[in-house]
Amino acid sequence: MEKVVKNGLVITSVQEAQVQLQNGLKNGDKDLLKQALMHLNPEALRNAKLVTKYQMHAAAFMSLIQKNISLAACSVQSLAGAFLRTFEAGLSVSPEARECYVIPRQGQAEIQIGYVAYTTRIAAKGNFVVTSEVVLEGEYFKAFTSSGQGVTFEHRISPTRNKYTQKIIGAYAILKNQKTGAILDFAYLGEAELNNLRLRNTYQKNASKTQSAGAKKGAWETDEAAMSQAKAIKQLVLRSTGCLELTALDEQVFVQDLSGELETVAYQADAETIDAEIDTSGQILNECLALLGKWEQEQDPAQKDAIRKAFLELASTNTAHISTETQSEIKIMYAKMPRQITA
């Protein structure tokens, strides 16, 4: 590793880079901070194709730290981890890019991926385009699938709408064929579903020093529309994994935030209320297993997709009455049933 000398100190390892990162934060030494960030990933500095991108990423990350006192106070390990993970995933940390956000939470730097990262990553594949929007209170929205008719979709957007001040009652994402414009799939989350997904995050669920338990915090408070769209896109990705053919890097960006999020698309604004006293986990699990077996034996692609759709409908309409453990098992089964017809 190239030696870097700063004020008599020599950075010769990743561990030493972390130590000097801490010193740079403590002393407000911009040069030392930059050098420490630059040497957290020595492989990037040896790669001629990566070095410029790595230098730009280090500069952008350093700018975040300098502008946010709370972020600068986070643990060095969490900052180094956030820096390396965002670089390796190819995510810009620039606020203007809106791809991801590095957020200080209880002394730890955490990554919040924005919906722009999902749409641009899918568009880069060349065959698909994803659009996403929120539905505001008072707006007309309708979307459903018909056998042999494809997707029927209509959203009448008010010309005076303001998604930052009006109440959000839902969010949707649409996957289209880039060449024909045909709708391949869509996902819709109602207000209750969005709130349930938000509250799966411990930070959102628990009370803070200034807000009560369950209150919208962080990005959910400042940009609820963007967060809602991100949730809808992630649900769409989960539905369309076979169609999109996710790479390992895609999995790192998309699926890491989908853990525990069973597909719950109901295509209506109000989700079913969870009734803890009605548990049909065993019955639903057996029915899902039967459908999976049927899907594996079927040879016709159209019939396989029909079975896949029946599986999804069975799982999504019964989430209120099955345990979290069973939901996880069903999610694993669903991942084994990729879409067969993609156009």
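Using the average count of surrounding beta-carbon atoms within 10 Å as a protection proxy, the listed peptides 291-300, 21-30 rank, highest first, as 21-30, 291-300. Label separation (Glu16 vs Ser75): 2.5 nm, computed from points 7 Å beyond Cα along the C-beta direction.
Relative contact order, percent, of the stretch 95-209 when contacts are C-alpha pairs under 8 Å separated by at least 6 residues? The value is 19 percent.
Of the peptides 48-57, 113-122, 61-70, the ranking by mean beta-carbon count within 10 Å, highest at the top, reads 113-122, 61-70, 48-57.
Counting only the Cα atoms, the stretch 31-164 fills a convex hull of 180 Å³ per residue. Working from label points 7 Å from Cα in the Cα-to-Cβ sense, the Thr210 to Asn27 distance is 3.3 nm.
Throughout, read-outs are computed from the coordinates displayed, never taken from laboratory work. Please read these numbers as outputs of a predicted model, since none were measured by experiment. Neighbour counts run over all protein chains shown; Cβ positions are idealised from the backbone, glycine included.
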